[in-house]
Amino acid sequence: MLTFLPAPLLGVLMLTLLCLNTLFWGVLVYAVILVKVVTPRGRWGDRVSAALAGLAQTWAVINVWMCDHVLDIRWDIRGAESLSRQGQYLVCANHQTWNDILVLMKTFGWRAPFFKFFIKRELFWMPVLGLVWWALDYPFMQRHTQQQLARNPELRSQDLETTRKACAHYRNQPVLILNFLEGTRFTPAKHARQKSPFRHLLTPKSGALAFTLAAMGDKFQSLLDVTLVYPDGVRGFWDFLAGRVPRVIVEVKPIPIPREMASGRYDSDPVFRKQFQKWLFGLWTEKDRRIGRLLAEADAG
């Protein structure tokens with residue numbers, strides 16, 4: 001641990017280490033991307049995708065190793081012990097800060113496949129990372145407002161087709177698909193603006209989860225309900241690097257996926273859509289209570 005260093009110096013050191021690690025593995029990833037471009041879909045394409053995922057997962061594990069050896073963070077990770085690197089999982093998690101990504105790297109490590117998540121289509125053009133996300137088969141989604149969907153309901157079908165195409169790449173390989181169901185990071189201002197019915201959470205968005213279950217629900221071993229808690233308050237990424245995040249709690253709860261939630265048409269069946277939203281509201285209500293219990297437990301400890 002190098003926590004004796006002043007916080008700004010610690011932050012610069014951590015940022016430098018993360019950038020160097022990213023540069024090293026990024027060069028290897030781009031070399032394999034050249035192979036991916038000329039490799040047809042199928043068995044060989046799956047092998048190239050697996051190689052890319054392995055490089056990305058090694059990058060993530062080394063990021064975590066550096067954090068563990070430089071920063072003094074008390075990790076409390078529960079429920080991730082039974083996961084398998086050969087498994088296929090769907091994850092729903094709350095979202096509070098950019099630190100959540102590093103926390104999830106720590107949580108899953110080598111225990112599970114490297115995670116993939118839905119990305120706004122505009123981010124494909126992000127320098128360096130956009131092409132990496134494409135190579136890792138991250139689904140690029142076009143976000144639509146409720147007004148746009150009301151004017152053109154066919155936009156829901158477009159999102160479903162995008163999800164189906166993405167999930168087609170995953171059916172024959174280990175995968176962990178991550179959904180931040182709130183769609184954005186939690187802040188008190190957003191919470192108030194939404195008039196969220198939950199104390200610790202924003203209102204979840206159900207579309208991406210429903211489309212993923214429709215496309216691949218028969219393959220997932222379980223839904224992993226991941227709850228992220230920062231007992232000493234939510235801080236930004238710089239504060240994390242500077243050692244100002246002393247404790248993190250992560251609870252992973254496997255949940256069986258009801259068959260009926262994976263067999264409906266969310267885009268065209270309003271009855272199923274209401275049922276799905278009700279089921280998700282129940283999961284989110286329980287998560288909200290769980291966050292309250294974990295915070296109270298941390299305060300008592």
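The values are calculated or read from the model by the stated rules, or taken from the named source; none is laboratory data. Computed from a predicted structure; not experimentally measured. Glycine gets a Cβ as well: all are built from the backbone with ideal geometry, and neighbour counts include every protein chain shown.
Before moving on, here are some points about what is shown:
- All helices (runs of 4 or more DSSP H) inside segment 203-301 with 3 or more residues being within 27 Å of residue 83 (Cα to Cα): 207-216, 270-300
- Exclusive hit being surrounded by fewer than 21 Cβ atoms within 10 Å (Cβ to Cβ) and either hydroxyl-bearing (Ser, Thr, Tyr) or touching a residue at least 60 places away in the same chain (Cβ under 8 Å) (or both), set 212, 187: 187
- Filter result for residue 252 (under 20 Å from residue 188 (Cα atoms), of a type in the set (A, V, I, L, M, F, W, C) and either in contact with a Gly (Cβ under 9 Å, 6 or more places away or on another chain) or at pLDDT 90 or above (or both)): no
- Checking 47, 111, 121, 85 one by one, the residue that is in contact (Cβ under 8 Å) with a residue 60 or more places away in the chain and not aromatic (Phe, Trp, Tyr) is 85 and no other.
- Yes/no for residue 44 being out of contact with any strand residue (DSSP E or B) (no Cβ under 7 Å at 6 or more places or on another chain), surrounded by 14 or more Cβ atoms within 10 Å (Cβ to Cβ) and aromatic (Phe, Trp, Tyr): no
Matching residues to (1) touching a Ser or Thr at 6+ places or on another chain (Cβ under 9 Å); (2) within 20 Å of residue 18 (Cβ to Cβ):
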| position | (1), (2) |
| --- | --- |
| 98 | no, yes |
| 105 | no, yes |
| 109 | no, yes |
| 112 | yes, no |
| 120 | no, no |
| 125 | no, no |
| 129 | no, yes |
| 136 | yes, yes |
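- Top-ranked residue of segment 64-89 - restricted to ones that are assigned to a loop (DSSP other than H, G, I, E, B) and of a type outside the set (Gly, Ala, Ser), ranked as nearest to residue 230 (Cα to Cα): 73
- If you filter segment 96-124 down to residues that are modelled with pLDDT under 80 and either in a helix (DSSP H, G or I) or touching a Pro at 6+ places or on another chain (Cβ under 6 Å) (or both), you find that the one that is surrounded by the most Cβ atoms within 10 Å (Cβ to Cβ) is 118.
- Residue within segment 31-40 that is free of Cβ contacts under 8 Å to residues at least 60 places away in the same chain and outside any helix (DSSP H, G or I) present: yes
- Residue count, segment 10-30 (criterion: farther than 16 Å from residue 69 by Cβ, surrounded by 11 or more Cβ atoms within 10 Å (Cβ to Cβ) and aliphatic (A, V, I, L, M)): 3
- Candidate set from segment 203-222 (those that are modelled with pLDDT under 85 and hydrophobic (A, V, I, L, M, F, W, C)); member that is nearest to residue 93 (Cα to Cα): 208
- Selected residue (criterion: surrounded by the fewest Cβ atoms within 10 Å (Cβ to Cβ)) from residues of segment 163-179 that are in contact (Cβ under 8 Å) with a residue 60 or more places away in the chain and not in a strand (DSSP E or B): 172
- Inter-residue pairs, beta-carbon under 8 Å, first among the hydroxyl-bearing types (Ser, Thr, Tyr) and in segment 70-81, second not in a strand (DSSP E or B), 6+ apart: none
- Residue match in segment 76-98 (condition: more than 25 Å from residue 178 (Cα to Cα) and among the aliphatic types (A, V, I, L, M)): no
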